[in-house]
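Here's the structure, in structure tokens; my notes come after.
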């Protein structure tokens, strides 16, 4: 039996040969993969946007002095007297900054998406697009090699 030709390996559990796609301890036979490609996983940005908007609104309420002094008593911190509007302004600004940080931290992720008889799944997920692109390219090469090998066998039979 001829050993499989290794087309790609990252040395950390991902290997593409001319007949198998190995992801850690899971193996996918290439003839069982009906479709493959690079998928972009978009991050959930709604929580960050909500915090940013709510923080901005609360800060504007404080800046515009929309909280009446008769509604909430001023707060005493040591010798200082702080109004509810000042607290609203600073707490709103803090919440808005947290929202901005969340929006800045969440990033797109990339996946090698494969379709098999069991369904579609993200076989490998990473923050690095180049890494996932290399795996998808290796899968393309493996499928092209298989297609060429099959047509050569058909020619020899015919």
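A few points about this structure:
- Annotation: the residues 34, 86, sorted from fewest to most other C-beta atoms within 10 Å of their own C-beta, follow the order 34, 86.
- Ratio of Rg to Rh for region 46-105: 1.10 [Cα atoms; Kirkwood radius as inverse mean 1/r over pairs].
- Rounded FRET efficiency, nearest 0.05, which uses the C-beta distance separating residue 107 from residue 71 and R0 of 41 Å: 0.45
- Here the calculated FRET efficiency for residue 91 and residue 42, from their Cβ-Cβ distance with R0 = 30 Å, stands at 0.50, rounded to the nearest 0.05.
- Acute angle (nearest 10 degrees) that the helix 84-105 long axis makes with the longest principal axis of the chain, alpha-carbon atoms: 10
- The angle between the Cα long axis of helix 46-63 and the main principal axis of the chain comes to about 20°, on a 0 to 90 degree scale.
- Among (1) 2, 8, 12, 12, 10, 7, 7, 6, 5, 5, 5, 5, 5, 4, 3, 1, 1, 1, 0, 0; (2) 2, 9, 20, 24, 23, 15, 6, 1, 0; (3) 1, 9, 17, 19, 19, 16, 10, 6, 2, 1, 0, the entry derived from the coordinates for P(r) over Cα pairs in 5 Å bins from 0, in percent: (1)
- Among 83, 27, the order by Cβ neighbours within 10 angstrom, fewest to most, reads 27, 83.
- Across region 73-134, the fraction of Cα-Cα pairs farther apart than 14 Å, rounded to a whole number, is 73%.
Read-outs throughout are calculated quantities, based only on the coordinates presented, and are distinct from any laboratory measurement. All of these numbers come straight from a predicted model, not from anything done at the bench. Ideal geometry is used to build each Cβ from the backbone, glycine not excepted, and the neighbour counts take in all protein chains shown.
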